[in-house]
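Report on one structure; see the data block that follows.
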Amino acid sequence: MTASTSAPSTSAMLQLRGLGKSFELHHQHGARLDVLDEVELTLHAGECVVLSGPSGVGKSSLLRVIYANYRPSRGVVRVRHDGDWLDLAEATPHQVLEVRRRTLGYVSQFLRVIPRVPALDIVAEPLLETGLSTQEARQRAGTLLHRLNVPERLWLLPPGTFSGGEQQRVNIARGLIVSRPLLLLDEPTASLDADNRVVVAELLEEARAAGSAVLGIFHDEDMRDRVATRLFPMRPFQIT
Ligand SMILES: Nc1ncnc2c1ncn2[C@@H]1O[C@H](COP(=O)(O)OP(=O)(O)OP(=O)(O)O)[C@@H](O)[C@H]1O
Ligand SMILES: [Mg+2]
């Protein structure tokens, strides 16, 4: 584990306090799944915290709550946005979009393919939203795709027919092309070979060195040991 690598800053970027998420199981006589209960976590700039625990324990659900895909049932999700704390549990949809655009990135396991849009533009799009010219954005997208070993002959094709690992690398490139202070990663390297995992680990180290805070899920133990500065074990939940 790279715990000895000192963080460039100790400023908190994310605070979870008393965070809970319950799912009502309508088909099971109103049984309730308390997937997240009293989660307390502070994430600092420059660290990479890896969520650990068995399948089904609620790791992906926690990332979805933080990204505001799921509304929490209890507690707060405080994100440092433009220097101020903002509770995403209470934020307006407009605020959530602003936070996602500039502060909070999320790389899911699978690429959401947009029909007819070539890989290069899928990766370049987040840069265009920051006001960069199309030419500059495409150039930077190409540099990152090249680094992730996506062959140039694929860049102008829509990724629908790409292999799982090629799609995953396009997804990672899209998620990392804009440097955001907070990064959520849900098994971004699951279908990658060893060489490409190393590239992703290096990209994450660079993001941390630039001050980003990373919260991720990595099933592969080597990858976890390489990128984690700290593990956050998750407890099995209750069904009531
Ligand atoms: N929208 C939902 N409605 C009902 N139950 C859900 C919903 N989303 C997640 N769950 C349940 O919450 C539990 C945790 O799921 P989650 O995907 O967070 O686990 P995980 O720790 O990421 O597992 P894995 O390691 O297999 O990816 C599961 O039992 C799942 O069925
Ligand atoms: Mg999961």
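The values are calculated or read from the model by the stated rules, or taken from the named source; none is laboratory data. This is a predicted model, so every value here is computed, not measured. Note that we place each Cβ from the backbone using ideal geometry, even for glycine, and neighbour counts take in every protein chain shown. Note: areas computed on protein heavy atoms with side chains; ligands, DNA, RNA excluded. Shrake-Rupley method; radii C 1.70, N 1.55, O 1.52, S 1.80 Å.
Structural remarks
- Near residue 226, once Lys and Arg are set to +1 and Asp and Glu to -1 for all other residues with Cβ below 11 Å from its Cβ, the sum equals -4.
- From the C-alpha gyration tensor of region 50-194, square roots of 5λ in Å: 28, 20, 12
- In this structure region 72-223 gives 48 Å² per residue of accessible area when probed at 1.4 Å with all protein chains present.
- Top of 110, 218, 162 by mean-square fluctuation, Gaussian network on the chain, Cα under 10 Å: 162
- Neighbours of residue 44 by Cβ distance under 14 Å: Lys/Arg scored +1, Asp/Glu scored -1, total +3.
- Electrostatic tally near residue 149: other residues with Cβ closer than 11 Å to its Cβ, Lys and Arg +1, Asp and Glu -1, net -2.
- Modelled label positions at residue 117 and residue 239, each set 7 Å beyond Cα in the direction of Cβ, lie 3.8 nm from each other.
- Solvent accessible area, Å² - residue 94, 1.4 Å probe, full protein context: 130 Å²
- Using a Gaussian network model of the chain in which every pair of alpha carbons under 10 angstrom is joined by a spring, one finds that among 122, 177, 114 the greatest mean-square fluctuation is at 114.
- Percent of beta bridges antiparallel (DSSP, the chain, rounded to nearest 5): 55 percent
- Crossing angle, helix 164-176 versus the chain [Cα axis fit, 0-90 degrees, rounded to tens]: 80 degrees
- Remark: spin-label model distance residue 135-residue 153 equals 2.9 nm, labels positioned 7 Å along the Cα→Cβ axis.
- Given 15 as the ceiling on other Cβ atoms within 10 Å, longest exposed-site-free region of the chain for GluC sites (Glu not before Pro) in DSSP loops: 130-240
- Along the chain, counting only trypsin sites (Lys or Arg not before Pro) with a DSSP assignment other than H, G, I, E or B and at most 13 other Cβ atoms inside a 10 Å radius, the longest segment between sites is 117-240.
- Between helix 119-128 and the chain: long-axis angle, C-alpha atoms, 0 to 90°, nearest 10: 70 degrees
- Percent accessible area from carbon and sulfur atoms, the chain, protein chains only, probe 1.4 Å: 50 percent
- Across 128, 14, 104, mean-square fluctuation computed from a Gaussian network of the chain (C-alpha pairs under 10 Å connected) peaks at 128.
- Rounded tilt (10° steps) of 194-209 against the dominant C-alpha axis of the chain: 70 degrees
- Cβ-based charge dipole, region 166-234, positive-most Cα from 196, 227, 177: 177
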